[in-house]
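The values are calculated or read from the model by the stated rules, or taken from the named source; none is laboratory data. Since the structure is predicted, the reported quantities are computational estimates derived from the model, not experimental observations. Glycine gets a Cβ as well: all are built from the backbone with ideal geometry, and neighbour counts include every protein chain shown.
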């Protein structure tokens, strides 16, 4: 398990051999990217339906694996985010109005891919009066109409803490509601300057109070300590979060926050063990884990 009693100084000394090289990733982060017929068909379905996926927009290292197995995380409300998080490769500028035809295109793509478990996420839309909540609700309804046996996991932004927006989405009864804390409280001003740690915890708390199965995830390697990870995991359990994921932060380009260290597989195993000790229903931690990775198996 994580040892939150270690001093930051001794922990840093022990981890000196896991500091990143500017030119080399450790072996456990090297991914072989191969393409098969299923990958090509997935790509065609996404493009023909004019959809966006977080797999592509966020430069996910698992895109090859997931698309070869006909799974993808569809991103709604466009491909432009109103926030500028220092770790995220999604484009940030003024977005277009929501596309009212998008929910039906998402539902059609879910049907064509043959998904039995759909994971939907979105950019953050602080420019909209309801923060995109109605588009979320329309998308869930459209998927259910076309795919009545498909389970739906959603990964939502914080809606600026607006409980009416959260209720609008949860009224459609998704099978899992995810909202990522992303990083420890201390690093929010650096990594997520337009977000608030306590507000994100409140989203998870309110969703649980409304009956949702809840999920959160973080990136590690941004400079956090074991104690801070442990405190975050306790905070999320305090609001009865059900599922927890953790993966390695990878710098999209030189314009984003640098990787402070590469976390070893043994350290990820310690995070998993800590999560089980704290009482999470499911925990997945590993170098290439992302919040939607193996989502169906976690549920």
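Listed by position, the helices (runs of 4 or more DSSP H) enclosed by segment 1-119 that each have at least 2 residues that are modelled with pLDDT of 70 or more and under 20 Å from the mean Cα position of the chain (by Cα) are 102-113. When the residues of segment 201-211 are filtered to those that are buried (at least 22 other Cβ atoms within 10 Å of the Cβ) and touching a strand residue (DSSP E or B) at 6+ places or on another chain (Cβ under 8 Å), the one that is nearest to residue 257 (Cα to Cα) is 204. Within segment 186-205, the residues that satisfy the criterion of being under 18 Å from residue 155 (Cβ atoms) and part of a helix (DSSP H, G or I) are 191, 197, 199, 200, 201, 202, 203, 204, 205. For beta carbons closer than 8 Å, sequence separation of 6+ or different chains, a first residue in segment 189-215 that is at positive phi and a second that is at pLDDT 95 or above and surrounded by 16 or more Cβ atoms within 10 Å (Cβ to Cβ), the qualifying pairs are 211/170.
When 218, 152 are checked against the criterion of being surrounded by 23 or more Cβ atoms within 10 Å (Cβ to Cβ), outside any loop (DSSP other than H, G, I, E, B) and in contact with a strand residue (DSSP E or B) (Cβ under 7 Å, 6 or more places away or on another chain), a single residue qualifies: 218. When segment 243-254 is filtered for residues that are closer than 15 Å to residue 178 by Cβ and surrounded by fewer than 23 Cβ atoms within 10 Å (Cβ to Cβ), nothing remains.
With respect to the conditions (1) surrounded by fewer than 23 Cβ atoms within 10 Å (Cβ to Cβ); (2) in a helix (DSSP H, G or I), residue 233 falls short on a single one, namely (1). Yes or no: residue 223 closer than 28 Å to residue 29 by Cα and free of Cβ contacts under 8 Å to residues at least 40 places away in the same chain? Answer is yes for this residue. Can you find a residue in segment 237-257 that is assigned to a loop (DSSP other than H, G, I, E, B), in contact (Cβ under 8 Å) with a residue 40 or more places away in the chain and closer than 18 Å to residue 174 by Cα? Looking through segment 237-257, at least one residue is assigned to a loop (DSSP other than H, G, I, E, B), in contact (Cβ under 8 Å) with a residue 40 or more places away in the chain and closer than 18 Å to residue 174 by Cα.
Looking only at residues in segment 155-170 that are in a helix (DSSP H, G or I) and touching a strand residue (DSSP E or B) at 6+ places or on another chain (Cβ under 9 Å), the one that is nearest to residue 76 (Cα to Cα) is 169. Of the residues examined, residue 275 is one that is touching a residue at least 24 places away in the same chain (Cβ under 8 Å), assigned to a helix (DSSP H, G or I) and touching a strand residue (DSSP E or B) at 6+ places or on another chain (Cβ under 8 Å).
When you go through 173, 208 one by one, which is the residue that is out of contact with any helix residue (DSSP H, G or I) (no Cβ under 9 Å at 6 or more places or on another chain) and either part of a loop (DSSP other than H, G, I, E, B) or at pLDDT 95 or above (or both)?
Working: 173 fails: out of contact with any helix residue (DSSP H, G or I) (no Cβ under 9 Å at 6 or more places or on another chain).
Answer to the selection: 208.
Restricting attention to segment 73-96, the residues that are within 27 Å of residue 115 (Cβ to Cβ) and without any contact (Cβ under 8 Å) to a residue 60 or more places away in the chain total 11. The single condition from (1) out of contact with any helix residue (DSSP H, G or I) (no Cβ under 7 Å at 6 or more places or on another chain); (2) assigned to a loop (DSSP other than H, G, I, E, B); (3) farther than 17 Å from residue 155 by Cα that residue 266 fails is (2).
Go through segment 129-149 and give me each residue that's assigned to a loop (DSSP other than H, G, I, E, B), touching a residue at least 40 places away in the same chain (Cβ under 8 Å) and over 20 Å from residue 214 (Cα atoms). Walk me through how you get there before you give the answer.
Initially, segment 129-149 is screened for residues assigned to a loop (DSSP other than H, G, I, E, B), giving 129-132, 147-149.
Then drop every residue that is not touching a residue at least 40 places away in the same chain (Cβ under 8 Å), which leaves 132, 147.
147, the sole residue that qualifies.
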